[in-house]
Amino acid sequence: MAILTKDEAHALLKKVLSYSKADECEVNLNSNDSANIRYARNSVSTSGKVTQSQLVVSSAFGKKLGIATINEFDDASLEKVVRRSEELAKLAPENPEYVPFLGPQTYPDSMMYVQSTADITPKLRADLVAQSLNVAKNAKAVAAGFLEDNTSFNAMMNSKGLFAYNTSTNTNFSVTVRTEDGKGSGYATRGYNDIRKLDTKKTTEIATEKAVKSANAKGIEPGKYTVILEPAAAAVLLERIFFGLDAREADEGRSFLSKAGGGTRLGEKLVDERVNIYSDPMHPDLPTSTWSGDGRLQEKISWIEKGVIKNLSYSRYWAEKKGVKAVPGPDAAIMEGGTKSLEELIAGTKKGVLVTRLWYIRDVDPQSLLLTGLTRDGTFYIENGKIQYPIKNFRFNESPIIMLNNLEELGKVERTVSVESNQNYLLPPLKIRDFTFSSLSDAV
Amino acid sequence: MKRRDFIYLTGMGASGAALLSGIPGMGKSIPPEKVLETVDVALKKQLADVALNAARSKGATYSDVRIGRYLNQFVVTREEKVQNIVNTESYGLGVRVIANGGWGFAATDKLDKDSIAKAAETAVAIAKENSKLLTEPVQLAPQKGYGEVSWKTPIQKNAFEVPIKEKVDLLLGVNDAAMKSGASYITSLLFLINEQKYFASTDGSYIDQDVHRIWPAFFITKIDATTGKFETRNTLSAPMGMGYEYLDWRPQDKIQSVTTLYKGRYDMLEDAKSGGVQAGEKLKAKSVEPGKYDLILDPSHLWLTIHESVGHPTELDRVLGYEANFAGTSFLTLDKWQSKKFNFGSKIVNFVADKTQVGSLGAVGYDDEGVQCGKWDLIKDGILVNYQTIRDQAHIIGLNASQGCCYADNWSSVQFQRMPNVSLQPGKQKKSIDDLIKGVEKGIYIIGDGSFSIDQQRYNFQFGGQLFYEIKNGKIAGMLKDVAYQANSQEFWNSCVEIADESDYRLGGAFGDGKGQPPQSNSVSHGAATARFNSVNVINTSRNIG
């Protein structure tokens, strides 16, 4: 299916709803064009293009809900999918947590769609990858990378009069460059809504420089170190906080945001007062959807303000039960930073470790949000304001909550991509004291 | 479907979400009766030929096509409530070609002849465009065509035919048992998968396969309201390549240890009852003193250590650098294999790759590039002897045929090298779990899988678990908590000194092992008997965030 205009999507969804005989009916439509090129060993490996559409129909009789979907859009198919969802609803047990669908909402137009990304050609993709490969080949290094782009639209409508529509584009690029002898490795990643902002040459140059400089790393003793986490490294730790903002988990006593004796830590100062984290669907550097999957308006929301837990996210059911506003979880997060560049943070560091990338992050203890994982693709020892030499990779065991209490300095915010979730964020590099490295790894 | 949308659809929320990463083939929801219909093989052959002919006419020198119908059913409950019942279906076609020496791939969910031909043309166009970036042309290991063949998972009871009510009753009964034995919360689920896969290639194969998998699971939380502390206890089940018969347990399927362990069949109700009690015991357990311990590792735990420290580093594509940007490379470099004397583990350590093992998640008749599956040694008497590979990499290790390790998690994903079942062979001498424990002076007995993390070349790992028991002078001396062990893969497998005999051999497995860009999910089993590892570094994971 092509990208439908707002009017075309409205007409199609209205037609679907016209077939409904249920107490309530809601329809979601998504269509996505995605393409990618993958390369390794300085040569393209796999690549492809996929188009997929999906129409989801939710029908409810009382508290009984049925969901069915289809990817054909002729009138007979549209009626059939509505009937199927109604049959399923009649078979389903009553859900005591069912909340009736939302009524009409007003949303601003989202800023996620950029025509130049939607217009990308196979040749442009190949050229962008060629530019990356040339950097690595000229440096007699070996590149492995991934370039992907998506163009999609989402629309929803329900029998209570709600209608929502968004289009979006995105491109993510990442590259790992290794020295020919395998003794050095460097990484860089970028994500944008607008493909014109992507500079695969410059990004690969950063990864190549890290690869060359990280060769023949020295082992230093594990222990507590001051670290400077580049935004891509900070992302994979901080997003565990973003993913854990659910009020119900906290209310039920099984989250790092639960309070001893019951209740949540909402309103409590949990981390350093310089920590401010929010989400904003209309941020020009990281626009996200203006509505959540169930039609709720996505607004600018502060999650942590001056170190205090300011808001938690609620399902509509839990919000109703608790008598509070049903704030949906964020689609992306933004952390406020400072004015210093990464180089300036390094220059102001007496002794410390520069971390390019963290890898294989897993929860160890949900109570303290203790995480484990390893450094990767460019870890360096800093002394007297300068990078002195590459060091062997470490395993860490650290909680991002403890980490944000040990905050030394925040650098300048940039858009980055989580290697774990593929989500884009706006984050500063973080300088943290007493970061716990628990063992050495031989991995390069 | 985005993972987040799926979590919303199943009504699982954050606590279950982490466990769902990479479940394959999310697609559209369909009513229950639709899942029992299959697509006619003659029609699939016609559609496949459209793609193969179109690719050939545009200049492809090789092409293969996969027509997939991927069915999932999820029944999700918490405490006394049914959270959601979801049937999903994903149906479409993916075509892969070689043109000008390079790969191209395209996929479509429109299965009319024009759309299929167009997908094949797109795949050829991509291959030609990207061939400019090749350093050398793709070299495929020869593969004979099998003609029209088929394969089915040998199930006894098709889980999709079991009425929803029976499944709901089972899960609500499980929740009730756990709550009565002390759980504060429980989420329980049944995940059912049926991959109806049709493969055809210009080599002359037309392969129809019907693959079934099942995973019953629960997650218990126990909260101490006064201290605000909580502990969790997850299911000891294994995801299996079986039908609903996995839940029809028999007395011979149980092994009695400090808790009941399950072999080939699973008593979910009993495990939930024990789980509720054990979650409470964990709250009161002694926090571990860090240091060196001899570890006795149960197969319900050891499978994950095998998966990460043996399964992944023996993948040839990682060794060669194809996964360098994401999953990583491997410490098991070609020179170590060529030397024929690289000591991966102690002499009793033998690992076998096997895509034919009955009941396993990885069992299929043919892989996703039309290669009949088999079994081979990876580690023999502690020495690295082989890898896992596919058609376009087999020649690099001197093979003239693929080992059949190619897999795609959906019709819309391009197939690539994925892990077969990789299993530790049981000990040759008769030894039980008790025999192993008896010999340990200072140790920890670990049951169930928990937190896991390993570096990108698979040297340094850290694992948690579900249940930890202190061993003092050959006897179980009570429960421990806050346990994780760290080791280097080679040192760890060289510290393996005892393995129980085959009567203790059991399968564990990963339902959603992630790899590749864009990430794809694979299901794979790992067999083992209980094993002992000497002098492993144990850390304490307790922290206070104030």
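Distance from the Cα centroid of region A:244-300 to that of region A:6-77 is 29 Å (rounded to whole angstrom). Got the relative contact order for region B:3-284 handy, in percent, Cα pairs under 8 Å and 6 or more residues apart? Contact order relative to length: 18 percent. The aspartates and glutamates within cross-link reach of residue B:430, meaning a Cα-to-Cα straight distance under 13 Å and a gap of 8 or more places when in the same chain, are B:498, B:501, B:502, B:504.
Measuring nothing but how far apart in sequence close Cα pairs (under 8 Å, 6+ apart) lie, relative to its length, chain B scores a relative contact order of 15 percent.
Normalised Debye scattering of region B:34-154 at q = 0.16, 0.21 Å⁻¹ gives log10 I(q)/I(0) of -0.84, -1.16, counting only Cα atoms as equal scatterers and leaving out solvent. With the simple spin-label model, which puts each label point 7 Å out from Cα in the Cβ direction, the residue B:43 to residue B:497 separation comes to 6.3 nm. When the inverse distances between all different Cα atoms of the protein assembly as shown are averaged and flipped, the Kirkwood radius reads 28.8 angstrom.
When each of B:303, B:249 is scored by the number of other beta-carbon atoms lying within 10 Å, the sequence from fewest to most is B:249, B:303.
Farthest toward the positive end of the dipole of the protein assembly as shown, out of A:361, B:538, B:362, is the Cα of B:538, where the dipole comes from beta carbon charges about the Cα centre. Dipole magnitude for chain A: computed about the Cα centre from +1 point charges on Lys and Arg Cβ and -1 point charges on Asp and Glu Cβ, it is near 900 debye. Computed extension length for residue A:212-residue A:283: 21.9 nm, one decimal, from 0.36 nm per residue of separation with the Cα-Cα distance subtracted. Each Lys or Arg adds one and each Asp or Glu subtracts one; over the other residues with Cβ under 12 Å from the Cβ of residue B:431, this totals -2. Peptide B:103-110 shows a mean partner chain C-beta count of 6 within 10 Å per residue C-beta. Give the residue list of trypsin sites (Lys or Arg not before Pro) in region A:318-416 that are DSSP loop and have at most 11 other beta-carbon atoms within 10 angstrom. Here the sparse-neighbourhood loop sites are A:325, A:350.
Here the calculated FRET efficiency for residue A:41 and residue B:56, from their Cβ-Cβ distance with R0 = 35 Å, stands at 0.75, rounded to the nearest 0.05. With neighbour counts taken as other beta-carbon atoms within 10 Å, the residues B:395, B:301 rank, fewest first, as B:395, B:301.
The trypsin sites (Lys or Arg not before Pro) of region B:401-432 that meet both conditions, a loop assignment by DSSP and at most 10 other Cβ atoms within 10 Å of the site Cβ, are B:430. Could you tell me the center-to-center distance, by alpha carbons, between region B:500-518 and region A:154-218 in angstrom? Taking the Cα centre of each part, region B:500-518 and region A:154-218 sit 31 Å apart.
Once the Cα-Cα distance is subtracted from the 0.36 nm per residue extended length, the residue B:428 to residue B:180 segment shows a gain of 85.0 nm.
The modelled label-to-label distance for the pair residue B:287/residue B:399, using points 7 Å beyond Cα in the direction of Cβ, is 4.9 nm. Note on the protein assembly as shown: with charges restricted to the Cβ of Lys and Arg (+1) and Asp and Glu (-1), its dipole about the Cα centre is near 1360 debye.
Within the shell of other residues whose beta carbon sits under 9 angstrom from the beta carbon of residue B:300, the net charge comes to -1, with Lys and Arg scored +1 and Asp and Glu -1. Structure note, pairs B:340/B:431; B:44/B:515; B:110/B:144; B:110/B:375: Cα-Cα distances above 32 angstrom occur for B:110/B:375. Remark: region B:287-540 carries a charge dipole of roughly 540 debye about the Cα centre, counting +1 on each Lys and Arg Cβ and -1 on each Asp and Glu Cβ. To the nearest 10 degrees, how steep is helix B:164-180 against the longest Cα principal axis of chain B, on a 0 to 90 scale? Tilt relative to chain B: about 20 degrees. How large is the helix-only mean residue ellipticity at 222 nm for chain A, computed as the sum of -39500 (n - 2.57) over DSSP H runs with n ≥ 4, divided by its residue count, in deg cm²/dmol to the nearest 500? Taking each H run of at least 4 residues, the total per residue is -7000 deg cm²/dmol. When the listed pairs B:157/B:355; A:259/A:351; A:310/A:412 are checked against a 29 Å cut-off, the alpha-carbon distance exceeds it for A:259/A:351.
Legend: ranking of residues B:405, B:373 from fewest to most surrounding C-beta atoms inside 10 Å; resulting order B:373, B:405.
At q = 0.05, 0.07, 0.08, 0.13 Å⁻¹, work out log10 I(q)/I(0) for chain B with the Debye formula, treating every Cα as an identical point scatterer and leaving solvent out; two decimals please. Each listed q corresponds, in turn, to -0.21, -0.41, -0.53, -1.34. For chain A, the longest principal axis of the alpha carbon atoms and the long axis of helix A:200-213 meet at an angle near 40°. Label-to-label distance for residue B:358 and residue A:442 is 4.1 nm, based on points extended 7 Å past Cα in the beta-carbon direction. The residue list A:198, A:231, A:214 was ranked by how far each Cα lies along the charge dipole of region A:195-244 toward its positive end, using unit charges on Cβ atoms, and A:198 comes out on top.
Annotation: amide H-H contacts under 5 Å for residue B:148 (H modelled 1.01 Å from N, sequence separation of 5 or more, or interchain): B:206.
Packing order of peptides B:108-116, A:43-51, highest average first: A:43-51, B:108-116 (average count of other Cβ atoms within 10 Å over each peptide's residues).
Under the criterion of Cα pairs below 8 Å and six or more residues apart, the relative contact order for chain A equals 15 percent.
Every helix of 4 or more DSSP H residues in chain B counts as -39500 (n - 2.57), and over all residues that averages to -6000 deg cm²/dmol at 222 nm. Couplings 3J(HN,Hα) for region B:434-441, derived from phi with the Karplus relation 6.51 cos²θ - 1.76 cosθ + 1.60 (θ = phi - 60°), are 4, 4, 5, 5, 3, x, 9, 7 Hz, where x marks Gly and Pro. Identify, among A:52, A:13, A:29, the residue whose Cα sits farthest towards the positive end of the charge dipole of region A:1-133, taking +1 on the Cβ of Lys and Arg and -1 on the Cβ of Asp and Glu, with the dipole about the Cα centre. It is A:52, whose Cα lies furthest towards the positive end.
Loop-located trypsin sites (Lys or Arg not before Pro) in region B:260-367 (DSSP state other than H, G, I, E, B) with a sparse environment of at most 14 neighbouring Cβ atoms within 10 Å: B:340, B:341, B:347. Counting 0.36 nm for each residue step from residue A:99 to residue A:306 and taking away their Cα separation leaves a gain of 71.1 nm.
How far is the Cα center of region B:326-353 from the Cα center of region B:129-156, in Å? Taking the Cα centre of region B:129-156 as reference, the centre of region B:326-353 is 26 Å away.
Bear in mind these aren't lab numbers, they're just calculated from the coordinates by the rules spelled out. Being a predicted model, the structure only gives us computed values, none of them experimental. Positions of Cβ are generated from backbone atoms using ideal geometry, with glycine treated the same way; all protein chains shown enter the neighbour counts.
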